[in-house]
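Trainee: Handing you a structure now.
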Amino acid sequence: MRAIGIILAGGNNNKMKELSNKRAIAAMPVAGSFRSIDFALSNMSNSRIQKVAVLTQYNARSLNEHLSSSKWWDFGRKQGGLYTFPPTITADNNFWYRGTADAMAQNLNFLKNSHEPYVVIASGDCVYKMDFNKVLEFHIAKRADVTVVCTDVPADEATRFGCIKMNEDCRIQEFEEKPMITHTNTVSTGIYVVRRRQLIELLEKCQEEDRYDFVKDILIRYKELKRIYGYKINTYWSNISTVDAYYRTNMDFLKPEVRDYFFNQYPSIQSKIDDLPPAKYNPGSQVKNSLISSGCIINGQVENSILFKKVFVGNNCVIKNSIILNDVYLGDNTHIENCIVESRDTIRANSYYCGEEGIKIVIEKNERYVL
């Protein structure tokens with residue numbers, strides 16, 4: 001692959017509410033045994049991009065721990081390597097990352113010291129599979145300065161994203177970032193291909209003018225001056241940056257076609273592996289249409305739910321339409337419905353939680369932290 005990769009994984013997002021109090025969005029658990037960033041990393045590795053930088057910032061402890069070894073995604077240092085770049089205070093700069101463009105600008109040496117002619121930029125909060133080689137071929141064929149990967153979403157969700165209008169040649173004519181009202185449902189996925197030297201030039205220009213955002217200060221500002229094209233995909237893609245979107249994306253994995261696409265079809269999605277025993281189903285337990293991860297012990301009833309690693313379900317418990325994150329203890333006679341239970345919680349016996357007007361986030365005060 002003639003490209004290096006950059007994964008933007010440092011942003012804070014209040015739309016995730018309490019779920020982002022302990023971790024970065026890119027570190028959010030997905031589909032039982034993955035983290036959100038695993039999808040971007042796996043796509044880079046599967047596309048033979050061998051040198052990847054992850055730009056981290058907000059609540060990055062668990063994300064940095066997850067990225068502590070590159071072997072899970074096969075980024076060998078002899079071939080390129082996986083690099084983690086948090087904000088660094090220097091004699092010339094004492095700022096945290098002030099935006100996506102600024103995050104890359106503060107790590108210009110990574111770009112300048114590389115030799116690959118292209119850069120693939122991706123977000124760490126999306127669930128998808130993609131061959132970046134096909135995007136690069138499109139980029140070269142169109143002689144584009146920047147290629148934006150885009151997709152169609154339901155009309156009521158489009159305003160969460162950058163909305164795009166293209167001409168018949170796929171050149172982007174209009175680009176609005178999170179507009180109040182939009183007449184298109186074609187949106188940017190936060191994945192871009194750009195020539196490395198072109199990116200360095202644009203980022204240096206942003207530094208000179210104190211501009212910090214890649215979308216507003218590069219894509220939108222230069223759309224008339226640069227050749228910016230859209231590469232449209234029609235395969236599964238989902239952004240998890242709100243509570244509803246996170247819940248819906250996880251629940252999608254209860255659909256056989258989605259599980260088959262991600263779990264069985266080539267190429268695979270890789271993640272850090274924990275050495276845990278298989279799930280245990282004790283006599284009297286009932287499980288219907290659910291994902292149960294390794295290390296779980298089930299004594300009660302689980303239906304249309306996803307249980308992440310090391311969840312204990314007590315006797316006579318009922319769990320419906322819910323997501324239980326890692327290392328949760330559910331006491332006997334507990335009822336959980338339409339909820340997301342935060343990791344390392346201990347839910348007392350005889351508790352009742354039900355999201356009646358949307359998804360309820362359950363966080364008990366007696367969380368267990370491993371020192």
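Trainee: The stretch 117-170: which trypsin sites (Lys or Arg not before Pro) are DSSP loop and have at most 14 other beta-carbon atoms within 10 angstrom?
Mentor: Answer by residue number: R143.
Trainee: Angle check, please: helix 36-46 long axis (alpha carbons) against the longest principal axis of the chain (alpha carbons), in degrees 0 to 90, nearest 10.
Mentor: Compared with the principal axis, the helix lies near 50 degrees.
Trainee: Which percent of the accessible heavy-atom area of the stretch 153-207 goes to carbon and sulfur, probe 1.4 angstrom?
Mentor: 45 percent
Trainee: If each residue of separation counts as 0.36 nm, what is the full-extension length gain between S294 and K134 once their alpha-carbon separation is subtracted?
Mentor: Result for the pair: 54.1 nm of gain on full extension.
Trainee: How much of the DSSP bridge set in the chain is antiparallel, in percent, rounded to the nearest 5?
Mentor: 30 percent
Trainee: Sticking with this one: For the chain, take the longest principal axis of its alpha carbons; what is the angle in degrees between that and the long axis of helix 243-252, to the nearest 10 within 0 to 90?
Mentor: Taking Cα atoms only, the helix is inclined about 80 degrees.
Trainee: Same structure, new question: Could you tell me which label, among (1) 21.0; (2) 21.7; (3) 24.3, carries the value of Kirkwood radius over Cα pairs in Å calculated for this structure?
Mentor: Checked against the structure: label (2).
Trainee: So, in Å, what gap is there between the alpha-carbon centers of the stretch 287-347 and the stretch 100-133?
Mentor: So the two Cα centres are separated by 37 Å.
Trainee: Starting from 0.36 nm per residue, how many nanometres of slack lie between W96 and E168 once their C-alpha separation is accounted for?
Mentor: 21.8 nm
Trainee: Here's another thing I want to ask about it. Calculate the FRET efficiency for N109 and K216 from the Cβ-Cβ distance with a Förster distance of 35 Å, rounded to the nearest 0.05.
Mentor: The pair N109/K216 has a calculated efficiency of 0.90.
Trainee: First compute the accessible area of the stretch 15-62 with a 1.4 Å probe, then give the percent of it belonging to carbon and sulfur atoms.
Mentor: About 40 percent, which is the carbon plus sulfur part of the accessible surface.
Trainee: Of the lysine pairs in the stretch 176-270, how many meet both conditions: Cα atoms under 26 Å apart, and a spacing of 8 or more in sequence or different chains?
Mentor: Lysine pairs meeting both conditions in the stretch 176-270 amount to 12.
Trainee: With +1 assigned to the C-beta of every Lys and Arg and -1 to the C-beta of every Asp and Glu, and no other charges, what is the dipole magnitude of the chain about the Cα centre in debye, to the nearest 20?
Mentor: The calculation lands at about 900 debye.
Trainee: Let me ask something else about it. Show me the chymotrypsin sites (Phe, Trp or Tyr not before Pro) within the stretch 213-305 that DSSP assigns to loop and that have at most 13 other Cβ atoms within 10 Å of their Cβ.
Mentor: none
Trainee: Grab the Cα-Cα distance for Q198 and R143, subtract it from 0.36 nm times how many residues apart they are, and report the gain in nm with one decimal.
Mentor: Net length gain for the segment: 18.6 nm.
Trainee: To make sure I understand the rule: partners must be lysines, Cα under 17 Å from the Cα of K280, and not fewer than 8 residues away in the same chain. Which ones qualify?
Mentor: Cα-Cα hits under 17 Å: K288, K309, K310.
Trainee: So if R0 is 30 Å, what FRET efficiency would A349 and N13 give, r being the distance between their Cβ atoms, rounded to the nearest 0.05?
Mentor: The value I calculate is 0.30.
Trainee: Considering only protein heavy atoms and a 1.4 Å probe, what is the carbon-and-sulfur percentage of the accessible area of the stretch 214-371?
Mentor: Carbon and sulfur together cover 47 percent of it.
Trainee: Hey, what's the chain come to in accessible area per residue, 1.4 Å probe, Å²?
Mentor: Solvent-accessible surface per residue comes out at 47 Å².
Trainee: Something else now. Using Cα atoms only, what is the angle between the long axis of helix 132-141 and the major principal axis of the chain, expressed in degrees (0 to 90) to the nearest 10?
Mentor: Orientation of helix 132-141: about 20 degrees from the principal axis.
Trainee: Turning to a different aspect of this structure: Could you work out the relative contact order of the chain, using alpha carbon pairs under 8 angstrom and six or more residues apart, expressed as a whole percent?
Mentor: Computed value for the chain: 14 percent relative contact order.
The values are calculated or read from the model by the stated rules, or taken from the named source; none is laboratory data. Since we're looking at a predicted model, the values are computed, not measured. FYI the Cβ positions are ideal-geometry reconstructions off the backbone, even for glycines, and counts take in every protein chain you see. In case anyone asks, the SASA skips ligands and DNA or RNA and just uses the protein heavy atoms, side chains included. Shrake-Rupley method; radii C 1.70, N 1.55, O 1.52, S 1.80 Å.
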